[in-house]
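Notes follow the structure.
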Amino acid sequence: MRQKAGTYGKVHMLRVAVALLVFVSCCACGVYEGTRQPQENLETAWEGEITVMHEDAGDSKFEEFMEQVQDELHMKIHVLPYPKNAESRHAKVSSLLAAGDDSVDVFTVNDEMINAFKHEGYLEPLGKDVMAPATAAVFPQEYLHESLMADGQIYSAPYMLDVLVLWVNEEWLKEAGIADLGSKENLYRFLSYDWGDGRYAYGGAWEKTYVFNEIGEFINLFGGDYYDWENEKTRQAVQFLKECVDMGYTSKEQVIDQYEQMNQKFIDGKYGMVFMYSGSMEIYSDAQVYGEDKIHMAPLTGLGESVTYVGTWQYALNKASGNKEAAKKFMSYVTGRDGSRLYAECMNRMPARSDLLEEEDLDITGYKQFQDYLSTVTLQARPIPANSVEYLEKVGGLFQQYIFGEISLDNYCEQMQKLVG
């Protein structure tokens with residue numbers, strides 16, 4: 001049956017109106033199929049593309065930071081994670097570099113890693129486009145020369161400062177009736193107080209590859225010399241650590257603990273004081289145990305000297321990278337003044353640049369307290385040789401033999417002297 005003309009006209013006009021409405025709507029939204037650009041064309045605006053293997057990968061705050069860096073540099077940045085274990089992390093990077101693998105352009109490295117990699121020929125030296133003299137001058141100079149340089153070249157650019165800090169639980173001080181640990185008398189009162197089962201005045205990370213930090217730190221505090229094991233103050237420092245075990249001031253069980261385990265025990269109220277790097281501020285804050293009435297930084301104990309270790313996390317450039325110019329542009333920004341500030345405030349961590357540390361308005365937890373802490377100590381680079389992993393294991397192994405009474409103090413010191421050369 002043939003449709004009436006009037007009805008057909010109305011239907012036709014309705015179809016035209018709907019089509020026009022769809023067309024206008026698509027144009028207004030910019031998604032009209034006839035003119036939409038393929039997704040791959042939208043990325044042609046990137047002014048470079050790199051891959052970074054980063055210690056912070058997976059952290060939501062870091063992802064926000066990287067998004068801002070991408071926007072600032074107009075650069076596509078792929079981020080790969082590290083293994084969580086320190087030895088596995090070192091081995092992963094070492095194997096990639098040794099193989100000439102170009103899948104990663106930039107690595108984040110710590111002092112143990114850079115002290116090994118800078119001698120192996122796998123990293124690209126950072127010239128004036130990343131570490132110009134004016135830029136290099138804002139980092140601790142002794143540390144820069146001893147840790148980041150080899151043969152007059154700088155091989156990494158720091159972005160985060162880590163200082164070995166004495167952390168004390170204020171609740172424990174109050175329980176022991178002690179105001180602070182600023183004298184030997186107060187320290188020993190704190191150590192010898194009866195804390196009960198499962199609680200120790202002092203906790204440490206004494207796993208073989210970690211205890212090196214505390215051995216060196218106590219040698220610093222006693223005024224000894226890490227390279228001279230006939231020095232009486234050096235011997236006194238390690239005697240003190242063995243005394244802490246023998247007297248029950250600290251636990252033998254910590255010989256298998258790295259920083260992750262030590263920090264958890266500290267947070268859980270099993271330790272009253274620990275030596276831990278300043279980067280742990282974020283950990284304590286997130287666990288809601290940071291504060292003047294809880295866990296906080298404290299002046300170094302009155303054992304003699306106020307000398308402590310300084311370290312950083314840094315960016316290093318893979319020599320095999322095919323994207324060196326983009327990688328240098330990235331490194332220059334994230335270790336520059338603006339990029340360093342952005343990272344510090346996004347991640348709630350201390351910047352490595354001294355010109356930022358001297359400012360008053362960084363939005364970082366504990367920033368003022370950290371500034372005050374730095375004013376009371378002398379910073380010293382850790383004495384880490386090129387064969388860092390093997391060396392640290394030997395240092396830790398000898399120490400564990402000593403504190404368990406398997407070798408004498410004289411034997412321990414003789415073997416350490418051979419080890420340090």
Handout entry: Ellipticity estimate at 222 nm from DSSP helix runs (n ≥ 4, -39,500 (n - 2.57)) divided over the chain, nearest 500
Key = -13000 deg cm²/dmol
Practice task
Starting from the residue with the highest accessible area, list Glu63, Glu359 in decreasing order, probe 1.4 Å.
Solution key: Glu63, Glu359
Fill in the blank from the handout: Largest-first ranking of Arg199, Arg353 by accessible area, probe 1.4 Å, whole protein assembly kept, is Arg199, Arg353
Completion exercise
Share of accessible surface on carbon and sulfur in the chain, whole %, 1.4 Å probe and ligands ignored, is 49
Problem - Proximal lysines to Lys294, defined as alpha-carbon separation beneath 29 angstrom and excluding residues fewer than eight positions away on the same chain - result: Lys61, Lys84, Lys174, Lys184, Lys242, Lys252, Lys265, Lys270, Lys368
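Please find the FRET efficiency linking Glu170 to His74, where r is the Cβ-Cβ separation and R0 is fixed at 45 Å, and quote it to the nearest 0.05.
With a Förster radius of 45 Å, E is 0.40.
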Handout entry: For segment 246-378: span of alpha carbons on each principal axis (Å, largest first)
Key = 57, 36, 32
Problem - Debye, to nearest 20: dipole size of the chain, +1 on Lys, Arg Cβ, -1 on Asp, Glu Cβ - result: 1840
Handout entry: Accessible area per residue, Å², the chain with all protein chains present, probe 1.4 Å
Key = 47
Problem - Nearby aspartates and glutamates by direct alpha-carbon distance to Lys208 (threshold 12 angstrom, same-chain neighbours under 8 apart not counted) - result: Glu87, Asp257, Glu390, Glu393
Practice task
Return an integer: the convex hull volume of the alpha-carbon atoms of the chain, in Å³ per residue.
Solution key: 220
Fill in the blank from the handout: Between the Cα axis of helix 60-73 and the main Cα principal axis of the chain, the angle (0 to 90°, nearest 10) is 60
Exercise for the section: Using Cα pairs closer than 8 Å and at least 6 residues apart in sequence, work out the relative contact order for the chain, in percent. Expected result: 24
Exercise for the section: Round to the nearest 10 and give me the degree value, 0 to 90, for the angle of helix 86-98's Cα axis relative to the longest principal axis of the chain. Expected result: 60
Problem - For q = 0.25 Å⁻¹, Debye-computed log10 I/I(0) when each Cα of segment 362-411 counts as one equal scatterer - result: -0.89
Exercise for the section: For Ser192, Ser306, Ser388, give the ranking by accessible area with the largest first, probe 1.4 Å. Expected result: Ser192, Ser306, Ser388
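State the extension gain, in nm to one decimal, for the chain segment bounded by Asp268 and Ser408, taking 0.36 nm per residue of separation less the distance between their alpha-carbons. Present the calculation step by step, with values, prior to reporting the outcome.
Numbers: separation 140, 0.36 × 140 = 50.40 nm, distance 3.45 nm.
That works out to 47.0 nm of additional length.
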Handout entry: Accessible surface of His74 - all protein chains present, 1.4 Å probe, nearest 10 Å²
Key = 90
Exercise for the section: Report the accessible area of Asp228, computed with a 1.4 Å probe over the heavy atoms of all protein chains in place, in Å² rounded to the nearest 10. Expected result: 60
Fill in the blank from the handout: Restricting to aspartates and glutamates and to Cα separations under 13 Å from Lys394, and discarding same-chain partners fewer than 8 apart, the set is Glu207
Handout entry: In degrees, nearest ten, helix 409-420 long axis to first principal axis of the chain (Cα)
Key = 40
Exercise for the section: Apply the Karplus parameterisation 6.51 cos²θ - 1.76 cosθ + 1.60, with θ equal to phi minus 60°, to every residue of segment 231-237 and state each ³J(HN,Hα) to the nearest whole Hz, in sequence, with x for glycine and proline. Expected result: 5, 4, 6, 5, 5, 4, 5
Handout entry: For Tyr210, solvent-accessible area (1.4 Å; no DNA, RNA or ligand), Å²
Key = 40
Practice task
Compute the semi-axes of the equivalent ellipsoid of segment 138-248, taking the square root of 5 times each eigenvalue of the Cα gyration tensor, and list them largest first in whole Å.
Solution key: 32, 18, 13
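The values are calculated or read from the model by the stated rules, or taken from the named source; none is laboratory data. Keep in mind that what you see is a predicted model, and the values were worked out from it rather than measured. So basically every Cβ, Gly included, is an ideal-geometry build from the backbone, and we count neighbours across all protein chains shown. Heavy atoms of the whole protein, side chains included, go into the accessibility calculation; ligands, DNA and RNA do not. Shrake-Rupley method; radii C 1.70, N 1.55, O 1.52, S 1.80 Å.
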